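For reference, the structure is listed below as structure tokens.
The values are calculated or read from the model by the stated rules, or taken from the named source; none is laboratory data. Small disclaimer: the values here were computed from a predicted structure and weren't measured. Cβ sites come from the backbone with ideal geometry, for glycine too, and all protein chains shown count toward neighbours.
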Amino acid sequence: MQKLKKLLSDPQERLELIRYLVAGVLTTLLSLIISYGFYILLSEDHTINGADTVQVMIGNAVSWVVCVIFAFWINRKMVFQVKGGDLQSKRREFIEFVGARAASWALFEEGVAALINLMGVSNDINRLVVLVLVTVFNYVASKFWIFKSKTAPAQADSAPLPPTDKNA
């Protein structure tokens, strides 16, 4: 709860949240351009609605891969402003990022969407609910797990030891 209060009251935290939302809008636009572009490119009549199920799946898969790579880059650089890091730490962040995005896809896009659909909620409302849940999950995973500050924790044993008496 304290972290939520800080997030809403600290101007730097609010600015980070705004950057996250801008990055999300850019990623969403990129996703639409790529997936719709593939639908048009692959369909027989070269229209968005002319794509069959396999063509839609191909367009969505390519879009997801490209957008996850783009989202990693924009979140690392623009949103959470991570500087430096060696190749191994960047690779670890990328693997964690992909894992979190895959989890959000499986949990929310498929799981929650199906559950809401079973409850009889319309597709429009369903999509909005899932979109909000995915956004919140991805932000929390990125902020508090993947890109959290890499500061070393204070060590209790780091204080200098008092001099010892050699005669004791």
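Quick notes on this one:
- Positions within the range 116-130 being closer than 27 Å to residue 145 by Cα and at pLDDT 80 or above, in sequence order: 129, 130
- Yes/no for residue 127 being out of contact with any strand residue (DSSP E or B) (no Cβ under 8 Å at 6 or more places or on another chain) and closer than 21 Å to residue 70 by Cβ: no
- Only listed residue being modelled with pLDDT of 95 or more and surrounded by 16 or more Cβ atoms within 10 Å (Cβ to Cβ), chosen from 69, 74, 58, 95: 74
- Enumerated helices (runs of 4 or more DSSP H) restricted to the range 48-131, each holding at least 1 residues that are closer than 24 Å to residue 16 by Cβ: 53-74, 87-104
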